[in-house]
Each structure stands twice: as structure tokens, then as C-alpha cells.
Amino acid sequence: AFREQLAEKLRREQLPRAVRYLVCADPPGPRIGNGGSTLHALRCLEEQYGDQWTSFTVLLIHSGGYSQRLPNASALGKIFTALPLGDPVFQMLELKLAMYIDFPRHMRPGVLITCSDDIELYSTGVTETITFDKPGFTALAHPSDVAVGTTHGVFVLDPSSFSGKGGLEYGSCYRFLHKPDVETMQQSGAVCVRGDGPQLSSPGSHGDSATASECVYTDSVFYIDHSTAQLLLDFYKQMGTLCCEIDAYGDFLQALGPGATPDYTKNTSNVSKEDSGLVAVRQQLYSLLQGTALNVIVLNNSQFYHIGTTQEYLFHFTAESKLRFELDLQPVAFSIFPDTAKTLDQLSIIQSILEPGCVIGPGSVIEYSRIGPEVSVGKGSIVSGSYINFNVDIPSNCFLSSVSVKITDRVEYVTMVFGVGDDLKKSVKLLSDMHSLQFFGASLLECLDLWSLEASDQLFSSEDTCLGLWTARIFPVCSTLSESVSMSLNMLNSVQHKSAFKLSGFQLLSVQEMLTYKDVEDMLKFRKQIYDEICLQRQKEKSDY
């Protein structure tokens, strides 16, 4: 999917031609986390380019993961999430390249590591440049509220190396904390007084009434110089295979700085699976990296944004968010949108074709879709990759995303539908605990009843006991895209009105299975048809003038 989308962008000359693009998937077997993926990617670089890679400046973007919290990105990749910006639209990949455009010329050979669903915006003085030229690790740091620190990495800065003046400062980090609680941040000296740069807040100032001027410096992008990357690669090769999930942030950065201690290696509280040998691997990494420098570039005028959940996505794209203002996100981007379509400013239409007569409620996002004249979409909903050509009211707070699948040798369609707040990550181990699973505000058990489906182990697609919305086989496979949307909306309607809608008789897939059987080619073809039609319309408009 990634290679195909990159090739298409290069064909359209939407990406720089002189750059080499390499897609590397994790090796088969157990999940290895973004840290394991980093090591594996270094190996791919060496295999692909030999000694050449010693002179490369590399941007490594982690874009794996199932994207369970933003499932319209699950099938084709988070890094290809479309933004309501540009003509034709930018996806996250182009935004990343634009944001980091000044980095390579001030960067010695090495690797800059970033995620696919975060955005870092910053301003620096005319004469200030961000330079990645030191040995070891160099990380960008952003001032954030203390509460934000609990879900991020936090730098304990060395106060003697910072003045706290100016938009950009270079200094060193004494210690890195991974998702620390507030008390840990205060005790380890991570809390600073905003506006004065990294000064420790006086002991009298914390307690419950932490003032708004307190901040911590949180992580985002980090750089590893080539010799450190080589050190990590040699470690990976000598290990043979990796059997546990390593975190590039937690497991690399916590080993750095003079204040690092090996305590974290034994803490497995926020690890998704208790892995074989995780503690041992962490300890080996700790001894490998211990004593390596962690340089920090503090960007005092900067903001870190995350678009990894349906809530964040809707907020940043449709509400009066700072990000929307700073990037100048548009209510309508590269779409055919008739004046007669009823709407308000608070919405986001991305590469879609809307027919006169349709109504889109405030706070909703429509991407890569065709919406007919008799369609109304409620408030705060997401519609992705769908074709809706019949009379229907899509409720508020509804998540609807269509996927092309190939189970035998022909293309068919499945549409997943949820409430935007539904938790697709949640799972239970036993059928008897299923009452705690919620689908669009109702208990999943109740829904199964309405759909004439039986709660059994066969209802779920996972081998292990992972019973949840992600693995529930509830979505009907249909022969056309619009029929699949219609069927899934019928399911939703039956839940909303507590009326029966029989699903027995259909072939049913879980979201997990949709991704296994997805037909990338067909999904991209649908997007391209919309793209071509919009381009054609543009040319017509030009020639009309």
C-alpha cells in the first residue's frame, strides 16, 4: 500500500524526486515495537545501500500500528492521512517533509526519528537554526503543561546549560523520564517556571494548585548520529531475532544522560504484552547506550500536536483549534462542493464530491467520498472512502469508513460503522464479560440480539481471547460500495431505534479481517477516480473564464 501510494505521488510530481524512498515492514513473527522497527530499518538501509548509507541523512517515520483509535487510517497507513490543506490535498507525509525542510542541510549523517501522527510547529529567530551535528542523540523539546508530561517523554534539563532566553536554545539533558506521573516530574526537577526557561520551581509552588506558569519540556522528534546508529545496528545483528516490543522513546532515551538509572528496565506496567526477555533486552540496551549524550534543542516558541484519535482529528480539523489557524486548514479542500450544499464553516471536506442538496452538519469530516443529493450527515461525524447515493440521515457522532476486500478473487466491499467515541482497543477475555463492550452507546450484547447474531467464540476473529469491537465479526460483505454503506447504516439504525435488522445470512467480517483481506488497488482506484473528476472540473472552470 505504501509503495503504491509513493509511486503515485512521484508520478504526479508531488514529492521531491531526488530523495530515495524506502518502505520497510517489520520482519514476520512477534511484534517488536517502534524501537525494534528502528533497528530493523537500519538493517534494511545497510542491506539496500551498503557503505553508501554512512553518508546519508535519513528521515525515519514510524507509520505502523493498526490505528485503532483512528480507523480511517488503518487500511492505507497513518502517514497517508489526508489534511484539509493544499490543492491537491497534502497528506501527513508532505506536511512532515515541509516541516522538516530546513533540517537536512544542517545535519550530519544520521537518522531523524519521528511518528506519523504528530505535528511540530515552531518559530525561531531569523539567525537561529536547528542543527543536528553532535555525536549521540539530539532531541527537540517543547514547553508543555505538566499534565501533558504524563503521556509523553519529559526531559530533566541541566539548568546550568540553559538561560531560558530566546526562541531556541541548545543544552544537555540530565535525565529522560518516560510518561512520568506529576510527583516524579516534581521530584526529579523536570518542572520549570514558564517564561523564565528551565528554572526549577520553588518548593512552595507545587501541591494541588500548580500555577499555569509551570511547565515541563516534552519530546517529539529525535536524531541519532551515524556512529550511534551503527552501534545500535551492530547490537541488533548480534542479537539475532528480537522477540519483544521495544519502545524507541522509552527504551533508547531512558538510558541516556548522566542521571539515567537502570530502574526503568524492570518496570513493565505500560507494556502491551508481557514479553519474553523484555527486561533482559532493556538491560542490554542500557549498558550499550549508557554514557551516550542526550543533547536537547529547546524550542520555546513551539507547539506539539497529535492527530491519532477520532476526537483529536475532529477537533483539529473542524473546531477553532490553534492548529487549524496555524496551518490554515480549509473547510473545503480539493473537492467539488456545490453552493447549494447546506453547511456551516465548522467542517472539513477533503477530496470528495458532494452533490447539490446534501447537508453536512457542523464539526463533521468527509474524506475521499461521494455524497449524493439526499444525504444528510449529523454533527461531529467522520465519513471516509464511502459512496452514498441513496436517501439517508447519517446520525451525529458516527464513524463510517469503507474498505475494499478480496476474499476469493473478486473485489467486494465492507463498511465499518461505530460511534466516534467507541473504544476499539478495549477487549475482554470471556464471553461472560461482553456486557462491558459498548457499540454506539448500547451494549454490544444488546446489538447482537437486534441483529440476530449469537455471542459465541465464532463471533470473534482472534485466535487468542481478545473479544472486542476490533475482532467482532459484525460487518456484512456486499458486492457494491454503496450497498455496503447502506447495510452498515441499517445496523446502526437498528441499534438507535432498538428495531431488529437480521444480519444472519450475510458473510460477516471484523475490522481485523477487513485489514487482512483489504484490496489496496481498488481503494486507491476509487480515490483516483475522485481525483481525476475534480481535476477535470477544475480545467472546465478555468476554460469557462
Residue hits (the stretch 404-431; out of contact with any Ser or Thr (no Cβ under 8 Å at 6 or more places or on another chain) and among the β-branched types (Val, Ile, Thr)) are Val405, Ile407, Thr408
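Among the residues of the stretch 115-135, what is the count of those that are surrounded by fewer than 19 Cβ atoms within 10 Å (Cβ to Cβ) and either β-branched (Val, Ile, Thr) or touching a helix residue (DSSP H, G or I) at 6+ places or on another chain (Cβ under 8 Å) (or both)? Walk me through it before giving the result.
Narrowing the stretch 115-135 to residues surrounded by fewer than 19 Cβ atoms within 10 Å (Cβ to Cβ): 118, 120-129, 131, 133-135.
Now drop any that are not either β-branched (Val, Ile, Thr) or touching a helix residue (DSSP H, G or I) at 6+ places or on another chain (Cβ under 8 Å) (or both), which leaves 120-121, 124, 126-127, 129, 131, 133, 135.
Matching residues across the stretch 115-135 total 9.
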(Q) When you scan the stretch 54-66, do you find a residue that is in a loop (DSSP other than H, G, I, E, B), at pLDDT 95 or above and over 18 Å from the mean Cα position of the chain (by Cα), even just one? (A) yes
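Looking at the stretch 507-531, which of its residues are open to solvent by 70 Å² or more (accessible area, probe 1.4 Å) and free of Cβ contacts under 8 Å to residues at least 60 places away in the same chain? Working first, answer last.
Start the filter on the stretch 507-531 by keeping residues that are open to solvent by 70 Å² or more (accessible area, probe 1.4 Å), which leaves 507, 516-517, 521, 525, 528-529.
Selection gives Thr516, Lys525, Gln529.
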The condition from (1) surrounded by fewer than 17 Cβ atoms within 10 Å (Cβ to Cβ); (2) modelled with pLDDT of 95 or more; (3) over 30 Å from Leu289 (Cβ atoms) that Phe80 misses is numbered (1)
Filtering the stretch 447-461 down to residues that are touching a residue at least 24 places away in the same chain (Cβ under 8 Å) and open to solvent by 20 Å² or more (accessible area, probe 1.4 Å) yields Leu450, Ser452, Leu453, Ala455, Ser456, Asp457
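Okay, residues lined up against (1) surrounded by 22 or more Cβ atoms within 10 Å (Cβ to Cβ); (2) under 28 Å from the mean Cα position of the chain (by Cα); (3) assigned by the TED database to the domain that holds Lys96; (4) modelled with pLDDT of 95 or more:
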| position | (1), (2), (3), (4) |
| --- | --- |
| Asp219 | yes, yes, yes, yes |
| Ala229 | yes, yes, yes, yes |
| Asp234 | no, no, yes, yes |
| Lys237 | no, no, yes, yes |
| Gly240 | no, no, yes, no |
| Phe252 | yes, yes, yes, yes |
| Leu256 | yes, yes, yes, yes |
- Message: When you scan the stretch 404-416, do you find a residue that is without any contact (Cβ under 8 Å) to a residue 24 or more places away in the chain, closer than 16 Å to Ser482 by Cα and either touching a strand residue (DSSP E or B) at 6+ places or on another chain (Cβ under 6 Å) or outside the structural domain of Asn490 (by the TED database) (or both), even just one?
- Response: no
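I'd like to verify a number: residues in the stretch 419-438 that are in contact (Cβ under 8 Å) with a residue 60 or more places away in the chain and surrounded by 13 or more Cβ atoms within 10 Å (Cβ to Cβ), how many? Working first, answer last.
Kept after step one, since they are in contact (Cβ under 8 Å) with a residue 60 or more places away in the chain, are these residues of the stretch 419-438: 420-421, 424-425.
Narrowing further to those that are surrounded by 13 or more Cβ atoms within 10 Å (Cβ to Cβ): 420-421, 424.
So the count comes out to 3.
The values are calculated or read from the model by the stated rules, or taken from the named source; none is laboratory data. Quantities reported herein were computed from a predicted structural model and do not represent experimental measurements. No Cβ is skipped: glycine too gets one built from the backbone with ideal geometry, and neighbour counts run over all protein chains shown. To get the accessible areas, we keep the full protein, side chains included, count just its heavy atoms, and leave off ligands, DNA and RNA. Shrake-Rupley method; radii C 1.70, N 1.55, O 1.52, S 1.80 Å.
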